[in-house]
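Read the structure below first, then the notes.
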Amino acid sequence: MKSEGASAVAEKPQTSDCITLAKKVIRTEADSVRALESRLDDSFVKAVDLIAGCSGRVIVTGMGKPGLIGRKISATLASTGTPSLSMHPAEAMHGDLGMVQKNDVVLAMSNSGETDELTRLLPVIKKIGVQLISLVGNTESTLAKYSDVVLDVSVEKEACPMGLAPTASTTATLAMGDALAICACEKKGFKVEDFALYHPGGMLGRRLLLTVGDIMRKGKDNPIVSESALISDVLLAVTHAHAGAAAIVDSDGKLVGFFTDGDLRRGLEKTRDLVAKPVRDYMTRNPYRVKPDCLAAEALKLLKEKRIDELPVVDEENRPVGLLDEGDLLGL
């Protein structure tokens, strides 16, 4: 039996109330991000140019929640080809400013633009001579006044019911930071091979780093038939290899065509005695092909774009050395 002095246990919020509040939070943050679109102007372009043209590193800094967002932005920059590191402003005042060199760019973020730990750094940063880009919620703040480029990430309100916890403001900052990183990545011509180099771990790295040569079907699983063969011979070769297509070669063993299930169906529409016809008359001539050192991700992209299921793999002399099937790629 509960004593009279015992404090009452707060009632749990009703499920409907919880969902309603969650929807409001998501709408508020989405609206804050959407509002950034109208602020993209020459200042944003200049910021991208500074980041893409940086010969040193992009030093990302911020205090508290903006600092945590900054760590993610720094990681995105680094993984998309822009050398970057995250610097804690308080630690910077005790020696970490040695990280900052004249050829770096500093990307600082603060909603108020008046964070003490950050504003104390500004005179030193400017004395070093680096370019300073700020993501701020107050474009008249001390941080903004010290900056070479100011990007406005202000929000109408936080998603927190009390209007206190950084929520919409940090989301907006993250979105702007991601936009900077991706635009800089595009400007620098960052390619899928580069992305693979920086992501060697896990399933993503495995998919991006694997080459066609690592997964192609070869030997008895790679049917190769002469162009003088009958279609019946091709079908037997494909069946024995448990494949979906066959490479067709000339007398020198070089690829001249590819016979697929689609070629078979189109041929049957023309003649019922197709199996007695020479494959050279029904094969796909000059088919798309890849080399063994082609990245698996690029090969998959080609298959998707051309809406095909298989590709012949050829060496430097255009001799078929393997068969690439979409099913093998989709399992990566």
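The values are calculated or read from the model by the stated rules, or taken from the named source; none is laboratory data. These figures come from a predicted structure and were not determined experimentally. Note that we place each Cβ from the backbone using ideal geometry, even for glycine, and neighbour counts take in every protein chain shown.
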Quiz item: Taking segment 22-44 only, how many residues are surrounded by 13 or more Cβ atoms within 10 Å (Cβ to Cβ) and either modelled with pLDDT under 95 or part of a helix (DSSP H, G or I) (or both)?
Solution: 12
Quiz item: Given the structure, is residue 225 part of a strand (DSSP E or B), farther than 24 Å from residue 272 by Cβ and in contact with a strand residue (DSSP E or B) (Cβ under 7 Å, 6 or more places away or on another chain)?
Solution: no
Quiz item: Of all residues in segment 56-83, how many are closer than 16 Å to residue 178 by Cβ and either of a type in the set (Lys, Arg) or in contact with a Pro (Cβ under 6 Å, 6 or more places away or on another chain) (or both)?
Solution: 2
Exercise. Give just the number: which of (1) touching a residue at least 24 places away in the same chain (Cβ under 8 Å); (2) surrounded by fewer than 20 Cβ atoms within 10 Å (Cβ to Cβ); (3) not basic (Lys, Arg) does residue 98 not satisfy?
Key: (1)
Practice problem: Pull up segment 128-146, narrow it to residues that are under 17 Å from residue 170 (Cα atoms) and β-branched (Val, Ile, Thr), then point me to the one that is nearest to the chain's Cα centre (by Cα). | Solution: 133
Quiz item: Is it true that residue 252 is closer than 19 Å to residue 318 by Cβ, touching a residue at least 24 places away in the same chain (Cβ under 8 Å), among the charged types (D, E, K, R) and in a loop (DSSP other than H, G, I, E, B)?
Solution: no
Practice problem: Within segment 71-94, count every residue that is in a helix (DSSP H, G or I), closer than 20 Å to residue 48 by Cα and touching a helix residue (DSSP H, G or I) at 6+ places or on another chain (Cβ under 6 Å). | Solution: 3
Practice problem: Test residue 124 against the stated conditions and say whether it is among the β-branched types (Val, Ile, Thr) and exposed (fewer than 15 other Cβ atoms within 10 Å of the Cβ). | Solution: yes
Quiz prompt | Conditions (1) touching a Leu at 6+ places or on another chain (Cβ under 6 Å); (2) within 25 Å of residue 290 (Cβ to Cβ); (3) not aromatic (Phe, Trp, Tyr): number failed by residue 274 | solution = (2)
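Looking at 145, 127, which is the one that is at pLDDT 95 or above, on the phi < 0 side of the Ramachandran plot and not in a loop (DSSP other than H, G, I, E, B)?
Details: 127 fails: at pLDDT 95 or above.
From the options 145, 127, the qualifying one is 145.
Can you find, within segment 301-313, the residue that is modelled with the lowest pLDDT among those that are within 17 Å of residue 260 (Cα to Cα) and out of contact with any helix residue (DSSP H, G or I) (no Cβ under 6 Å at 6 or more places or on another chain)? Walk me through how you get there before you give the answer.
First, the residues of segment 301-313 that are within 17 Å of residue 260 (Cα to Cα): 302-304, 306-313.
Pick out the ones that are also out of contact with any helix residue (DSSP H, G or I) (no Cβ under 6 Å at 6 or more places or on another chain) and you get 302, 304, 306-308, 310-312.
Details: 302: 91, 304: 88, 306: 91, 307: 91, 308: 92, 310: 94, 311: 95, 312: 97.
Within segment 301-313, the match that is modelled with the lowest pLDDT is 304.
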